[in-house]
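Taken together, the values in this text are just the output of simple stated rules run on the coordinates, not laboratory data. Remember, it's a predicted structure, so these values are computed and weren't measured experimentally. Cβ atoms come from the backbone with ideal geometry, glycine included; neighbour counts cover every protein chain shown.
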Amino acid sequence: MNDVTGVIREIGKEEQIVVRMLEHWAEETGDKAFFYYGEDEVSNTYHEFNALTNMVGRSLQSLGLKKGDRVSVFMKNSYICSLAMFGIWKAGGVYAPINFNYKGKTLSYLINDTNPTVLMIESELLPLYYQIKENINNTQLKIVVYQPKPGDHDYNSEMESVNLINNEIAFEDLLSGDSSNLSTTLNYSDTANIIYTSGTTGMPKGVVQSHRWMYAYGFFFGKILNQEDVVYNDLPLYHVGGAFFNITRAVYAGCGVACWDKFSSSQFWERINQSQSTSAVLVGVMHSWLMNAEPSAFDNCNTLNKVHTQPLPSYHHEMAKRFGFDFIMAGFGQTESGFAICGLIQELTEENGSPSEYYRGYSREEIVNISRNLGVQVHKGTDSFNKGYLGQPGGFMEAAILNENDEECLPNEIGELAYRPLMPNLILSEYFGKQEATLKAFKNLWFHTGDSAYKDENGVYYFVDRQGSVMKVKGEKFSSFLVEDILFEHPSIEMSAAFPIPAEAGDEDEIVVYIVVKNGKQLNEKELSPWIQANMPKYMWPKYIRFVDDIPKTLTNKIQKFKLKESILKELKSIPQ
């Protein structure tokens, strides 16, 4: 068992409201560089960023935003999105980002489900809103529009014709007025965010998170940072990884953060060197993209020394030696339960680690001691790890592997990973507006993660697989239901079955779709593909489409996707590569 008392004591004595920490650093080290936006080479000190977000917060209050009101944010630009995010919190509002790949039915569903007071949107995405505006229930919704200027990386001359109509408000107008700190009363238990999940059994569900949830999410990986560090981020801010594990983690630590809008394998190291980043998150195929690059004698000549990987690749030590990653943290992070299981791997030592001229942050010895004092399991990079290694529960969460009756499984027996928090407001409060789903997730006083795992004899946890038909493509995690639901809108499709198969490279999936065409209708892949591209986010586009007369079902009318999966894998295996 980890040091529960020590971690809870640490949480209890610290400021947990992230905007209060921003204000603290703005006062204590105001001239220190905080936010660097690499896309346009924009830099803000702590003082400047705090002042800008104060203005956004006051402007939102002047628009009528009250504590607890929701603000949907539909943006790609991570700098503007960050200003909006902190401004919303300062005003006491609830940050509710929307995946900027959404369109049509899925977009209108999310806006209606959240029922925000304000929608913040980029001008480039405004046409997508106009297409579904008639389906939005809130006719009093206030619209704030960010319009890039000539010279900005996201400027589009075609958007110059997009005028602000129907009382829409320019985001730039929010950046004026009183820049002093707001006096909004905030408590760690107040709702901070509604983040939408992939929706494994239906449309996405809104996960309601408190301010303490954010604090706890980056707690263990944040404690090994100091003010010399810079956190690199290229994850979108509708994901908890980008918004909270990276950006708010930097604020709690009082260090810098460097943001780009998306991952680039060709520019990754240039960005790290440009920003002098020391910490980053590598998910999915990022590992293989970096490892597949042509090796260089200078691969380890960089400042990046603390990396979180999810999942932990089998070649983590080789990757660490090549690129000078002194520490790799593994673990289980989730929108609902946060980052409650983790382990730290000291991959390299002073003798073979990052060259001293590049090393920033706490010393290696300090990082090991800090982690152990917080009850984090520390390994050597040369240790042997079973596939799916996660680590052990942090000191503020009880974990278990449960069977279908919610009975604890034996060591090495696969079941569902479940949690019980040891402090209030550490995990989701509810699925927004979905009482039945909330009660089901908290059945028998355990929060059920929906993921399969096992625990060994030493209490170490290992991830096995996702329960249900969840797919992961290009860093996006989503359900087969979303793909099938969009395909159902096609006038010639009777039904469809979508499911994942392993991708040829990396740890992600490729999408397969089997389709039954309506009687009397004609449809083929050549005709369907343009429709899919117009109605479905790119990461959802299926790689394999098969047309069949019928889809196998059980006697209770449940689709037997395993039979379809066996069929496509057999077919692909027979095709010469």
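Here are a few things to note about the model shown:
- Relative contact order computed over region 43-186 (Cα-Cα under 8 Å; 6+ residues apart), in percent: 30
- ASP40-ALA297 FRET efficiency (beta carbon distance; Förster radius 25 Å; 0.05 resolution): 0.15
- Pairs from LYS13/LYS66; LYS521/LYS565; LYS105/LYS553; LYS474/LYS553; LYS474/LYS538 whose Cα-Cα separation, in the structure shown, is over 21 Å: LYS13/LYS66; LYS521/LYS565; LYS105/LYS553; LYS474/LYS553
- Within straight-line reach of LYS133, meaning a Cα separation under 16 Å, sit the following aspartates and glutamates at least 8 residues removed in sequence or on another chain: ASP113, GLU122, GLU124, GLU168.
- Fraction of beta bridges assigned by DSSP in the chain that are antiparallel (%, nearest 5): 55
- Taking the convex hull of the alpha carbon positions in region 396-466 and averaging its projected area over all directions gives 5.0 nm².
- Counted by Cβ distance under 15 Å from ASN50, the other residues give a net charge of -3, where Lys and Arg count +1 and Asp and Glu count -1.
- Euclidean distance between Cα centres, region 503-538 to region 429-443, Å: 32
- Modelled FRET efficiency - R0 30 Å, ASP456 with SER314, Cβ distances, 0.05 increments: 0.95
- Hydrodynamic radius of the chain per Kirkwood, over alpha carbon pairs, in Å: 24.9
- In range of the label at GLU489: residues from region 125-160 whose backbone nitrogen is under 19 Å from the point 7 Å along Cα→Cβ: 125-138
- Percentage relative contact order, the chain, counting C-alpha pairs under 8 Å, at least six apart: 12
- Region 260-328, relative contact order [Cα under 8 Å, separation at least 6], %: 34
- Within straight-line reach of LYS387, meaning a Cα separation under 16 Å, sit the following lysines at least 8 residues removed in sequence or on another chain: LYS455.
- A simple count of charges around ALA280, restricted to other residues whose Cβ falls under 12 Å of its Cβ and scoring Lys, Arg +1 and Asp, Glu -1, yields +1.
- Packing around the peptides 187-193, 50-56, 264-270, taken as the average count of other Cβ atoms within 10 Å per residue, puts them in this order, highest first: 50-56, 187-193, 264-270.
- Rounded to the nearest 500, the helix-only mean residue ellipticity at 222 nm of the chain stands at -8000 deg cm²/dmol, with each DSSP H run of n ≥ 4 adding -39,500 (n - 2.57).
- Descending Cα extents along the principal axes, region 472-574, whole Å: 41, 34, 28
- In summary, the lysines within cross-link reach of LYS306, defined as a Cα separation below 19 angstrom excluding same-chain residues under 8 places away, comprise LYS223, LYS321, LYS380.
- Semi-axes of the equivalent ellipsoid of region 288-403 are 26, 17, 12 Å, computed as sqrt(5λ) over the eigenvalues of the C-alpha gyration tensor in descending order.
- Stokes-Einstein D in µm²/s, Kirkwood radius over Cα pairs - region 171-263 at 25 °C with 0.890 mPa s viscosity: 162
- Length released on extending from GLU172 to GLU28, taking residue separation times 0.36 nm less the Cα-Cα span: 49.0 nm
- Full extension of the chain between ASN226 and SER266 gives 11.5 nm of extra length, using 0.36 nm per residue less the Cα-Cα distance.
- Diagonalising the gyration tensor over the Cα atoms of region 43-186 and scaling each eigenvalue by 5 before taking the square root yields semi-axes of 23, 19, 13 Å, largest first.
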